[in-house]
Each structure stands twice: as structure tokens, then as C-alpha cells.
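Asker: Structure in C-alpha cells, see below.
The values are calculated or read from the model by the stated rules, or taken from the named source; none is laboratory data. These numbers were taken from a predicted model, which means no experiment stands behind them. Heads up, the Cβs are rebuilt from the backbone with ideal geometry, glycines too, and the neighbour counts pull from every protein chain shown. Just so you know, the surface numbers come from the protein's heavy atoms only, side chains and all, with ligands and any DNA or RNA stripped out. Shrake-Rupley method; radii C 1.70, N 1.55, O 1.52, S 1.80 Å.
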Amino acid sequence: MSVEQDVDNATLEQLRDILINKSGDVKLAVRFRALFNLKSIGSEFKEDPERANTAVKYIGECFRDDSELLKHEVAYVLGQTKNLAGAQILRDVLIDEQGQQCMVRHEAAEALGALNDVESLPLLEKYFKNDPLLEIRQTCELAIERIKWETSEKANTEKLQESAYSSIDPAPPLALDQDYKIEKLTKILNDQSTPLFERYRAMFRLRDIGSDEACLALATGFDDPSALFKHEIAYVFGQLSNPVTVPSLVKVLKNETEAPMVRHEAAEALGSIATDDVLPILQDFAKDSDEVVRDSAIVALDMYEYENSNELEYATAA
């Protein structure tokens with residue numbers, strides 16, 4: 001069996017070579033699996049800091065790649081490791097306005113928030129105020145508010161529902177102290193006059209409720225004008241993996257006027273849900289004219305196969 005077929009038993013250096021496609025012929029889905037293995041190692045910085053920091057360095061090498069989808073996943077993974085060794089790498093990506101696409105820079109800003117990197121606050125403030133792209137400004141706004149919340153008394157005193165998901169999200173769910181009904185949470189979710197951070201908190205509270213009613217409430221967020229907001233709804237649907245969300249995700253995926261960052265997240269969510277009716281849809285969009293959407297459908301098909309063989313759990317980006 002080749003290393004690429006047995007990614008889980010590859011050495012650190014072999015994982016790097018697979019991730020950066022050193023041989024030139026590694027399938028994108030296999031590179032994703034190498035990335036998730038490196039993420040696991042990079043997260044173990046308390047147990048083995050040298051090995052963990054080496055894994056983070058190897059992950060960062062992938063920002064020289066051509067695949068926007070893979071690079072945005074790399075940024076997400078660096079944030080999820082909780083390893084501050086990745087902070088400078090992410091800062092460099094955020095400020096690279098010419099060399100990195102919006103989707104990758106957005107994910108880098110979000111990852112700095114996930115890392116709770118207080119030292120990045122001045123940089124995030126700068127791009128929140130000055131970046132010409134709305135998606136970047138909104139992401140920096142969320143990252144700033146997340147870091148402020150994480151370092152506030154609220155983080156220690158608010159009673160939050162214990163999440164079934166291991167992800168570090170752009171915002172914590174709204175606290176349990178207030179017994180919000182789904183109708184109220186839906187109103188907060190869609191209220192354009194409410195601060196974006198609070199709307200995200202409502203989003204994640206609905207996710208943690210997780211009922212069919214909560215999922216349908218989340219689906220109303222697809223009417224939002226913000227591509228960033230809609231892509232987060234799709235990401236949450238991938239976590240929930242509730243078949244009730246399939247019609248709204250398919251509608252988003254089929255809408256060619258929708259931003260690629262939203263459509264790609266819808267494709268990955270469908271791969272996570274992995275019901276029989278999803279397969280032909282993903283096969284169709286694996287031929288989409290947009291590269292990010294096309295690659296997402298291809299990776300989602302791989303996710304579909306693994307979900308149905310119970311061999312691997314994917315952790316895809318927001």
C-alpha cells in the first residue's frame with residue numbers, strides 16, 4: 001500500500017509531501033486527509049511542542065499552492081489547532097492582498113480569532129476599518145469581537161450549552177441564561193440592525209438546539225445579503241448533517257449568481273449529509289464551471305464515500 005493510500009500511518013514529512021503535492025499527482029481529497037492528520041499533530045503542542053510546531057510549519061507551506069479551496073481549508077485548520085505558532089503565518093496571509101484570494105484571507109482572519117490571538121487585534125482592527133472587501137471587514141469584525149469576548153468576564157460567567165461539535169466557532173452561542181425560543185432566535189439571526197457578532201451567536205444557539213425547526217429557522221439566513229453570513233449557515237448545516245436542510249442547500253448550490261464561497265460550502269455540507277439523493281447532485285457539480293465549487297463537489301464526493309464507509313470523519317472549514 002502506498003503512503004497516499006495509507007495517510008493515517010504516514011510520517012510527519014510524508015504528510016507534508018502529500019499536502020504540498022510534492023509528486024505532482026496527489027488527488028485533492030488525499031491532500032485534505034493529510035491536512036487533517038497534520039492538524040491533529042499540530043494540536044498537541046502541550047504534549048510535544050517541537051513536533052506540533054513542525055506540523056504547523058508544514059501546514060503553512062501549502063499557502064503557496066494554486067488551490068483556493070485547499071488554502072482556505074489550511075487557514076481554517078491552523079485556527080482549529082489552538083496553536084499560536086500559526087498566528088504569524090495567518091497574519092501574513094491576511095495582509096497579502098495581491099497574492100491571496102478573498103476566501104483565503106477571510107479564513108485567515110477568522111482563524112486568528114479562533115486562536116484568540118490578542119497580538120493580532122491591531123492588525124484585525126486595521127483591516128476591519130480599511131479593507132475594500134466586505135467579507136474581510138465582516139470577518140475581522142467577528143474575530144475582534146470573539147477575542148474581546150474570550151478575554152472578558154463573560155467568557156467565565158456566561159452559561160453556554162455544551163456543544164456536540166468540537167469546532168472553535170466565529171462566535172459562541174447565545175447564553176442559556178435567557179430562554180430564547182426559536183422564533184426569537186430567528187428574529188435576532190435575521191435582524192440587520194443587530195451587531196453581526198450577536199447574530200452569529202443566535203446562529204450557533206440554533207445549531208446547538210439542532211431540531212428540524214431550528215434547522216429550518218437557520219435556512220432563513222440564506223436570504224441575507226452577506227455572502228459571509230450565508231456561507232456560515234451552509235457550514236453549520238454540514239455540522240448538523242440533518243437531511244431536512246438538503247432542499248435549501250441544493251437551491252444555494254444551483255444558484256450560479258451566488259458567491260462561490262457560499263456555493264462551495266453548500267457542496268461540502270451536502271457531502272457531510274451524505275443521503276442517497278445527494279450523490280447525483282454532487283456528481284453533477286463536480287463538473288461546475290467555477291473551480292472552487294467544482295473542487296468542493298469532488299472533495300464532498302470523497303466525504304460521501306467515507307461517511308458511508310464510516311472510515312473517516314472530516315472537519316471542513318467555515
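Each row is one residue, and each column tells you yes or no for (1) part of a helix (DSSP H, G or I); (2) modelled with pLDDT of 95 or more; (3) open to solvent by 10 Å² or more (accessible area, probe 1.4 Å).
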| residue | (1), (2), (3) |
| --- | --- |
| 214 | yes, yes, no |
| 221 | yes, yes, no |
| 228 | yes, yes, no |
| 253 | yes, yes, no |
| 261 | yes, yes, yes |
| 272 | yes, no, yes |
| 279 | yes, no, yes |
| 317 | no, no, no |
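Asker: Okay, next question. Any residue in the stretch 283-298 that is in the same structural domain as residue 30 (by the TED database) sitting within a Cβ distance under 8 Å of a residue that is open to solvent by 20 Å² or more (accessible area, probe 1.4 Å) and modelled with pLDDT of 95 or more? List the pairs, counting only those 6 or more apart or interchain.
Answerer: none
Asker: Examine the stretch 6-22 for a residue that is assigned to a helix (DSSP H, G or I), in contact with a Gly (Cβ under 9 Å, 6 or more places away or on another chain) and not hydroxyl-bearing (Ser, Thr, Tyr), and state whether such a residue exists.
Answerer: No.
Asker: What about residue 152, is it in a helix (DSSP H, G or I) and among the polar types (S, T, N, Q)?
Answerer: When the stated conditions are applied, residue 152 does not pass them.
Asker: Can you go through 12, 69 and tell me which one is over 21 Å from the mean Cα position of the chain (by Cα) and hydrophobic (A, V, I, L, M, F, W, C)?
Answerer: 12
Asker: What are the pairs, 6+ residues apart or on separate chains, where a residue within the stretch 92-119 that is in contact (Cβ under 8 Å) with a residue 12 or more places away in the chain and on the phi > 0 side of the Ramachandran plot has its Cβ under 9 Å from a residue that is part of a helix (DSSP H, G or I) and of a type in the set (Asp, Glu)?
Answerer: Close Cβ pairs satisfying both conditions: 116/150.
Asker: Could you list all residues from the stretch 150-177 that are farther than 23 Å from residue 226 by Cα, free of Cβ contacts under 8 Å to residues at least 60 places away in the same chain and not charged (D, E, K, R)?
Answerer: 151, 152, 155, 156, 157, 160, 161, 163, 164, 175, 176
Asker: Continuing with the same structure: Residues 110, 153, 119, 125: which one is of a type outside the set (Gly, Ala, Ser) and surrounded by 20 or more Cβ atoms within 10 Å (Cβ to Cβ)?
Answerer: The match here is 110.
Asker: How many residues does the stretch 61-86 hold that are surrounded by fewer than 20 Cβ atoms within 10 Å (Cβ to Cβ), closer than 30 Å to residue 290 by Cα and free of Cβ contacts under 8 Å to residues at least 60 places away in the same chain?
Answerer: Total satisfying the criteria: 4.
Asker: Answer yes if at least one residue in the stretch 130-149 is of a type in the set (Ser, Thr, Tyr), out of contact with any Cys (no Cβ under 9 Å at 6 or more places or on another chain), crowded, with 21+ Cβ neighbours inside 10 Å and at pLDDT 95 or above, and no otherwise.
Answerer: Scanning the stretch 130-149, I find at least one residue that is of a type in the set (Ser, Thr, Tyr), out of contact with any Cys (no Cβ under 9 Å at 6 or more places or on another chain), crowded, with 21+ Cβ neighbours inside 10 Å and at pLDDT 95 or above, so the answer is yes.
Asker: Tally time: how many residues in the stretch 103-123 are assigned to a helix (DSSP H, G or I) and under 24 Å from residue 265 (Cα atoms)?
Answerer: Residues flagged as assigned to a helix (DSSP H, G or I) and under 24 Å from residue 265 (Cα atoms) within the stretch 103-123 amount to 12.
Asker: Give the stretch 130-161 a look and list any residue that's over 18 Å from residue 92 (Cα atoms), among the charged types (D, E, K, R) and more than 20 Å from the chain's Cα centre (by Cα), or say none.
Answerer: 148, 153, 154, 158, 159
Asker: How many of the residues in the stretch 222-263 are hydroxyl-bearing (Ser, Thr, Tyr) and over 23 Å from residue 171 (Cβ atoms)?
Answerer: 1
Asker: A follow-up question, please. When you go through (1) farther than 26 Å from residue 128 by Cα; (2) surrounded by fewer than 24 Cβ atoms within 10 Å (Cβ to Cβ) one by one for residue 237, which number turns out not to apply?
Answerer: (2)
Asker: Surrounded by 18 or more Cβ atoms within 10 Å (Cβ to Cβ), modelled with pLDDT of 95 or more and assigned to a helix (DSSP H, G or I), is that true of residue 244?
Answerer: Taking the combined requirement at face value, the residue does not satisfy it.
Asker: Name the residue that is nearest to residue 210 (Cα to Cα), counting only residues in the stretch 150-174 that are touching a Lys or Arg at 6+ places or on another chain (Cβ under 9 Å) and at pLDDT 95 or above.
Answerer: Restricting to residues being touching a Lys or Arg at 6+ places or on another chain (Cβ under 9 Å) and at pLDDT 95 or above, the top hit is 173.
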